[in-house]
Protein chains: 2
Amino acid sequence: MIRLHRGLATVCAVLFAAPAIAQTPPTAAPPMFSPLSSLDVHRVVPLPARVTASAGAPFVFTTATRIVADGPSEVTRTAEFFARILRKSAAVPVPVSNRRTPRGARAPRDSAAASGNVVILQLDTVTVQGNEAYTIDISADTLRLVARTPAGLFLATATLRQLLPASVEMEHSAPRNAPAVSVPAGRIVDAPRFAWRGSMLDVARHFFTVDEVKQHIDFMALYKLNRLHLHLTDDQGWRIQIASWPLLTTVGGRSEVGGASGGFYTKADYREIVQYAAARHIIVVPEIDMPGHTNSAIAAYPRLGCSRATPSLFGPDSQPAGVYTGIRVGWSALCADKAITYRFVEDVVRELAAMTPGPYIHIGGDEVEVLSHEQYARFVERAQRLVQKYGKTMIGWEEVGKARLRPGSLAQLWRSDTALLAVKQGNQLIMSPGPRAYLDMKYTAQTELGLRWAGLIELRTAYDWDPATYSPGLTEANIAGVEAPLWTETVKNLGAAQYLLVPRLPAIAEVGWSEQSQRSWEGFRTRIAAHAPRWRLLGINFYASQQVEWVQ
Amino acid sequence: MIRLHRGLATVCAVLFAAPAIAQTPPTAAPPMFSPLSSLDVHRVVPLPARVTASAGAPFVFTTATRIVADGPSEVTRTAEFFARILRKSAAVPVPVSNRRTPRGARAPRDSAAASGNVVILQLDTVTVQGNEAYTIDISADTLRLVARTPAGLFLATATLRQLLPASVEMEHSAPRNAPAVSVPAGRIVDAPRFAWRGSMLDVARHFFTVDEVKQHIDFMALYKLNRLHLHLTDDQGWRIQIASWPLLTTVGGRSEVGGASGGFYTKADYREIVQYAAARHIIVVPEIDMPGHTNSAIAAYPRLGCSRATPSLFGPDSQPAGVYTGIRVGWSALCADKAITYRFVEDVVRELAAMTPGPYIHIGGDEVEVLSHEQYARFVERAQRLVQKYGKTMIGWEEVGKARLRPGSLAQLWRSDTALLAVKQGNQLIMSPGPRAYLDMKYTAQTELGLRWAGLIELRTAYDWDPATYSPGLTEANIAGVEAPLWTETVKNLGAAQYLLVPRLPAIAEVGWSEQSQRSWEGFRTRIAAHAPRWRLLGINFYASQQVEWVQ
């Protein structure tokens, strides 16, 4: 953990009082981009741990700027990722070269920068502690990003991207003779408070295309979120191809809330999402919600249920053949005592584990109102064994604390009343409290989209809480991190999702990343205000909360 | 054409002074939706031709409401389309029954309504003139939609949808005991001013997925637009599969502005788009831009060019193998005098005609700066013959007026200086003047997205013009209609497209639909203000122009 600087605000003010118009760069190459105003540099979200000004001249991006990737191919990939942002908008080459330093060695500090105007990305396992920690050192001739891991370097480029003006997001040539963009000289030292910083997308109530999920991943990467939890199955739809149970998708994947035709991810689609996320150092956490929320599976394979006549319970919401397109919860369940149920669970877990490189499988476990306590606990324990059998760590919603948890299994707090059962067993929590982090809640009573059963969540409500003190009986050590679920009963496309996620998801990202003592609502609302132009350029539909004076 | 009522505003005011709280419906079934406020009924865009109040009680939607489709299966499809909107949000059955009336007969006026609370859709070729004209008669027990064609009935449901509160767009059950929604008694008589009301999407500069195009089609249908012009090819990408020239997509489809990987529509994808549009009575107009704007084809098949070394001209914008990802125009062209060029054009036109049920093929023809006048005219005339050979009507950008046009061919005005050449030959124009209808222009100098070479286009600028008087030398008879192009140099996803299209595309829709003497900026800005809640529910990213007092 990085030692935090107390006088952060003051230091920022000094650092960012650097002249708005960049000095002439040392090379004769024409500079690109408009100058960084003081507003631009105050806008980093989540707030970095420590920022220190230095007296020298700023680093100025020019057409001569080049990037050196000092490490294995993953470092080069991150360098290329950042170079593409510069290239597409500035029509400059930004060449990336690779120079391999032996892993584990202390990075050399001077040789690469010898020729000036260079961005260096390098690994350093000696001076940097923490797998996601990084430093950025800015001087007139060198912009040096150092981290212990490629993930840390990627996170450093996310900070650097926010330090550049929003216009870098434009995908066409900047006007000739556009003024230079510069980054004031100084040092940023940063590391996350929590290892788990997640966004959950419910692709079951409404299906989202691979392209939409990729756009969401891009947004997550901009705010240093590192876990994409996909709620892949629910009563209204089954979204992931399972070869041994093909009707799950051909029958169970063809519906969604409102009666449209749904959809599902083939294994190739899922692989595409996983790889796209991995390239941005985001781990996909697949959830198969069990034993409740399983109507789509039972519609496909009625023998998985206990022959309850579910459709007749709900009248016109239900369609023929057991498909459900309403939004009620708690009424469906796999038949907990049948052998076929566990053959089903094992097949699904086995196939899912095989296509998921990340270490987690989420088994749901929430809102089961039609099984006895014993049936429920037995189900969770058997599912947990199967997840472990296939080499993964089990995650479940907080109710899984009613079962005996294995060491390392995680419980996801949402309504708080059963979360301590997991903590008492020594298991950590992912903090997703409904009244703060359920981003499908309306902002105000006037918000058209969203629900309100967990409360109204204006931006400040999503921001202004501390995971460690949220629930009595918890300490920071009990907490793996923070995650913001987006349930999609009312959300039928990416535009609607973004309206509910932005700006609240960046707020949750800062709750998960930045130290509690460093951050404040006033600081956040000032910084996030400057993100609006970038969102508009990226085509992001956001809620212009009146709690913020947005930059026009 | 419908005879227009002069005192429209006054009549509207009388009609819509009907009580905001609906009367108790005649049946005992519980009503659904919240009541229609006077604001709600003032919001129809485009403005209908004539609205007449009557003294009776309003029509109230209840759980007993049923729909009768009186005509062939196309009428039933439209009835089902409208019923789905009611069903998904209200969790009521809204049964649709079919009763076939012999085509061409005068519709019976009373029998279907005998049992009360019924929505009737019927064809009537005797009393209704105009293929897109319709009437809506509203009384306490019957809501009757009458048109000459299924397209007219579909347009009538678009009006009816806007008369219902935005909450009908919600895809989950309305709360129990929600107050009723009603439509005040009266009559709407409506028909379009122009037959051609188009939206053009440039899927070449940035690719848009089938799902994104479908979402755009849904938006068009809400505003009675009836032509989706897809700009399928340009220097930066080739987006439509042509079996006889496979590299067009495997090479030419893999790039876009900014250097991302692009994409293309398979023939199955294209068919899916065409069918989705046809179900909403929208004709897809495919454009293959020729002989300029063809770098993606030449990158795939270099022998189509005249061996100009295009990449070296543009430095870092160009990628290896001739792919171009910048935004300059006018520099590429098919080699106009080679035989292979016309084999290519014929193959493309033949395959495109075979997969396009609509009557039009757009051959582009704009901004060719590297061919002589004679080369250009010869090319257009040969392309025109090929389009006709395969049974289609040719459309080209206004420059095609320099060639000899066949009767019926259409020219699309954009910069106005060559459009009269087509008019003088007796050909009609599609009006897309850059300073009014190019919706990729910025709204104001502060708008981040978009370009500004044709001017800034705030909402009023897009609205406040008359196609018939826009250009000297034109009369209404020269004009087929209006179309708003969206070029996508700066637009990389649907959210960005919507930000530029909404609210300007509804403004252009009204320019194309409503009589000039009936409509006014003040009327439009009042009505469009009430569309914001619907857009938010639909997840649409819109520009909240300060020229409008948006409903919160």
Check: How large is the charge dipole for segment B:440-504, taken about the Cα centre, if only the Cβ atoms of Lys, Arg (+1) and Asp, Glu (-1) carry charge, to the nearest 20 debye?
Finding: 220 debye
Note to self: What distance in nm separates the two pseudo spin-label positions at B:Ser517 and B:Ser261, each 7 Å out from Cα along the beta-carbon direction?
What the structure shows: 5.8 nm
Next item on the list: Could you go through segment B:192-199 in sequence order and give the Karplus-derived ³J(HN,Hα) for each residue, using 6.51 cos²θ - 1.76 cosθ + 1.60 with θ = phi - 60°, rounded to whole Hz, and x for Gly and Pro?
Entry: x, 5, 10, 6, 9, 10, x, 10
Checklist line | Extension gain from B:Arg271 to B:Ala477, taking 0.36 nm per residue of separation minus the Cα-Cα distance | finding: 70.8 nm
Check: Each residue of segment A:389-400 in turn: what ³J(HN,Hα) in whole Hz from Karplus with 6.51, -1.76, 1.60 and θ = phi - 60°, glycine and Pro shown as x?
Finding: 4, 9, x, 10, 8, 7, 10, x, 4, 3, 4, 5
Notebook entry, point to check: Given 4 °C and 1.567 mPa s, how large is the Stokes-Einstein diffusion coefficient of segment B:113-240 in µm²/s, with Rh as the Kirkwood radius over Cα pairs?
Noted result: 75 µm²/s
Notebook entry, point to check: For segment A:207-289, what are the per-bin percents of Cα-Cα distances with bins 5 Å wide, up to the bin holding the maximum?
Noted result: 3, 16, 25, 23, 17, 11, 5, 1
Check: Considering only protein heavy atoms, what is the solvent-accessible area of B:Leu538 at a probe of 1.4 Å, reported in Å² to the nearest 10?
Finding: 20 Å²
Notebook entry, point to check: Accessible area drop of at least 40 Å² (1.4 Å probe, protein heavy atoms): which residues of segment B:239-282 qualify, relative to the chain alone?
Noted result: B:Gly258
Next item on the list: For segment A:359-501, state the average projected area of the convex hull of the C-alpha atoms over all orientations, rounded to one decimal in nm².
Entry: 9.4 nm²
Notebook entry, point to check: Stretch A:Ser97-A:Glu374 to full length: gain in nm at 0.36 nm per residue minus the Cα-Cα span?
Noted result: 93.7 nm
Check: Would you list B:Lys224, B:Lys338 from the most to the least accessible area, probe 1.4 Å?
Finding: B:Lys338, B:Lys224
Next item on the list: For B:Glu80, go 7 angstrom from Cα along the Cα-to-Cβ vector, then report the distances to that same point in the other copies in nm, smallest first.
Entry: 4.8
Next item on the list: Once you have the Cα-Cα distance between B:Glu381 and B:Val126, take 0.36 nm times their residue separation minus that, and quote the gain in nm to one decimal.
Entry: 87.6 nm
Checklist line | Inter-copy spacing of A:Glu549 label points, which lie 7 Å from Cα along Cα→Cβ, given in nm from shortest upward | finding: 2.5
Note to self: Could you work out the relative contact order of segment A:201-291? I mean the mean sequence separation of Cα pairs under 8 Å and 6+ apart, divided by the number of residues, in percent.
What the structure shows: 37 percent
Next item on the list: Could you work out the mean projected area of the convex hull around the alpha carbons of segment A:342-400, in square nanometres to one decimal?
Entry: 3.8 nm²
Margin query: If you count only protein heavy atoms and use a 1.4 Å probe, how large is the accessible surface of B:Ile327, to the nearest 10 Å²?
Written below: 40 Å²
Checklist line | Nearest residue to the symmetry axis between B and A, taken on chain B by its Cβ, in whole Å | finding: B:Asn541, 2
Check: A:Phe61 accessible area, nearest 10 Å², 1.4 Å probe?
Finding: 0 Å²
Next item on the list: Please give, to one decimal in nm, the separation of the simple spin-label points placed at B:Ala354 and A:Arg350, each 7 Å out from Cα toward the Cβ.
Entry: 4.6 nm
Note to self: Given a Förster distance of 51 Å, report the FRET efficiency between B:Ala279 and A:Leu456 from their Cβ-Cβ distance, rounded to the nearest 0.05.
What the structure shows: 0.85
Next item on the list: In whole Hz, with x marking every Gly and Pro, tabulate ³J(HN,Hα) for segment A:484-500 from phi via Karplus 6.51 cos²θ - 1.76 cosθ + 1.60, θ = phi - 60°.
Entry: 10, x, 10, 7, 10, 4, 9, 10, 10, 7, 5, x, 5, 4, 4, 4, 7
Next item on the list: Could you work out the mean count of beta carbons from other protein chains within 10 Å of each residue's beta carbon in A:487-500?
Entry: 5
Check: To the nearest 0.05, what FRET efficiency results for B:Arg66 and A:Leu247 with a Förster distance of 30 Å applied to their C-beta separation?
Finding: 0.30
Next item on the list: Rounded to the nearest Å, what's the spacing between the alpha carbon centres of segment B:417-448 and segment B:249-296? Just the number, please.
Entry: 22 Å
Notebook entry, point to check: What nm distances, shortest first, do you get from the label point of B:Ser261 to those in the other copies when the point sits 7 angstrom along Cα to Cβ?
Noted result: 2.5
Next item on the list: Please work out the FRET efficiency for the pair B:Arg343 and B:Ala195, using the Cβ-Cβ distance as r and a Förster radius of 35 Å; give the result to the nearest 0.05.
Entry: 0.50
Next item on the list: Report the semi-axes of the equivalent ellipsoid for segment A:425-529 in whole Å, largest first, where each axis is √(5λ) for an eigenvalue λ of the Cα gyration tensor.
Entry: 24, 17, 11
Check: Once label points are set 7 Å from the Cα along Cα→Cβ at both A:Gln552 and B:Gln446, what is their separation, rounded to one decimal in nm?
Finding: 0.3 nm
Checklist line | Proximal lysines relative to A:Lys402, as straight alpha-carbon distance under 25 Å, when same-chain residues fewer than 8 apart are discounted | finding: A:Lys338, A:Lys389, A:Lys392, A:Lys424
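The values are calculated or read from the model by the stated rules, or taken from the named source; none is laboratory data. Please read these numbers as outputs of a predicted model, since none were measured by experiment. Positions of Cβ are generated from backbone atoms using ideal geometry, with glycine treated the same way; all protein chains shown enter the neighbour counts. These area figures cover heavy atoms from the full protein model, side chains too; ligands, DNA and RNA do not enter into them. Shrake-Rupley method; radii C 1.70, N 1.55, O 1.52, S 1.80 Å.
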